[in-house]
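K.L.:
Got a structure here, written out as C-alpha cells. Questions coming.
The values are calculated or read from the model by the stated rules, or taken from the named source; none is laboratory data. Here the structure is a predicted model, which is why all the values come from computation and not from measurement. So basically every Cβ, Gly included, is an ideal-geometry build from the backbone, and we count neighbours across all protein chains shown. Accessible surface areas use protein heavy atoms only, side chains included; no ligands, DNA or RNA. Shrake-Rupley method; radii C 1.70, N 1.55, O 1.52, S 1.80 Å.
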Amino acid sequence: NRTRRSYAQMLIEQGFELISVIHPSACVSKSAQIGKNVVIAAGAIVCADSKLADSVIVNTAAIVDHECEIGEAAHVCPTAALAGRVRVGAEAFVGLGAKVIPCISIGEHAIVGAGAVVIRDIPAGATAVGVPARVVKVVSQTVAA
C-alpha cells in the first residue's frame, strides 16, 4: 500500500492526472465520495455516504457499507465486508474475507488477517488475526525526515 501511494504521488508530481476505475458490475451509491486513483473491482459494493480516499482498492466482491471512511492507499481485499461507519486508516490492509462490525476503527498501516472477525478497534501499525480478531503484533510507524 505504501508503494502504491508513493508511485501515485510521484506521478502527480510529474503532472499526470490519476483516474479511478470502477468495474461495470460494481454497485456504488450516488452519495459515495470516491477519490482519485481508486479501483473498485467486479462485484464490489460501496454504500451510501461512504468516503474512499485517493489510491484505495475495494477488491472483488468486497462490501463497504454506509458511512464508512477508507483512508488513502488502503486495501479492502476480495469478499471482505465492512459494516456501517467503519473507519480504515491510510495504508491499512483488510484481508481476504475479513468481517468488521459497525463503528470499528482500523488504524493506519494496520493489517487485518484473512478471515478475521473484527469486533474491537485495531490500533495503528497492528496486525490482527482470528475469530474474534486479536492483535498479535504492533509495529511503530516512524516517518523518515
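K.L.:
I'm told Cys47 meets every condition in (1) of a type in the set (A, V, I, L, M, F, W, C); (2) over 23 Å from Gly125 (Cβ atoms); (3) open to solvent by 60 Å² or more (accessible area, probe 1.4 Å); (4) within 15 Å of the chain's Cα centre (by Cα) except one. Can you identify the failing condition by its number?
P.N.:
Here Cys47 clears every test but (3).
K.L.:
Give the number of residues within the range 50-68 that are open to solvent by 20 Å² or more (accessible area, probe 1.4 Å), assigned to a strand (DSSP E or B) and under 19 Å from Leu96 (Cα atoms).
P.N.:
2
K.L.:
State all residues of the range 1-19 that are of a type outside the set (A, V, I, L, M) and out of contact with any strand residue (DSSP E or B) (no Cβ under 7 Å at 6 or more places or on another chain); if no residue qualifies, say none. Outline the logic, then answer.
P.N.:
Start the filter on the range 1-19 by keeping residues that are of a type outside the set (A, V, I, L, M), which leaves 1-7, 9, 13-17.
Listed by number, the residues that qualify are Arg2, Thr3, Arg4, Arg5, Ser6, Tyr7, Gln9, Glu13, Gln14, Gly15, Phe16, Glu17.
K.L.:
Restricted to the range 109-145, and to residues that are at pLDDT 95 or above and basic (Lys, Arg), which residue is nearest to Leu96 (Cα to Cα)?
P.N.:
Out of the qualifying residues, it is Arg134.
K.L.:
Could you list all residues from the range 3-46 that are assigned to a loop (DSSP other than H, G, I, E, B) and β-branched (Val, Ile, Thr)? Give the steps one after another, and end with the answer.
P.N.:
Within the range 3-46, the subset assigned to a loop (DSSP other than H, G, I, E, B) is 14-20, 23-26, 29-32, 35-38, 41-44.
Matches in the range 3-46: Ile19, Val38.
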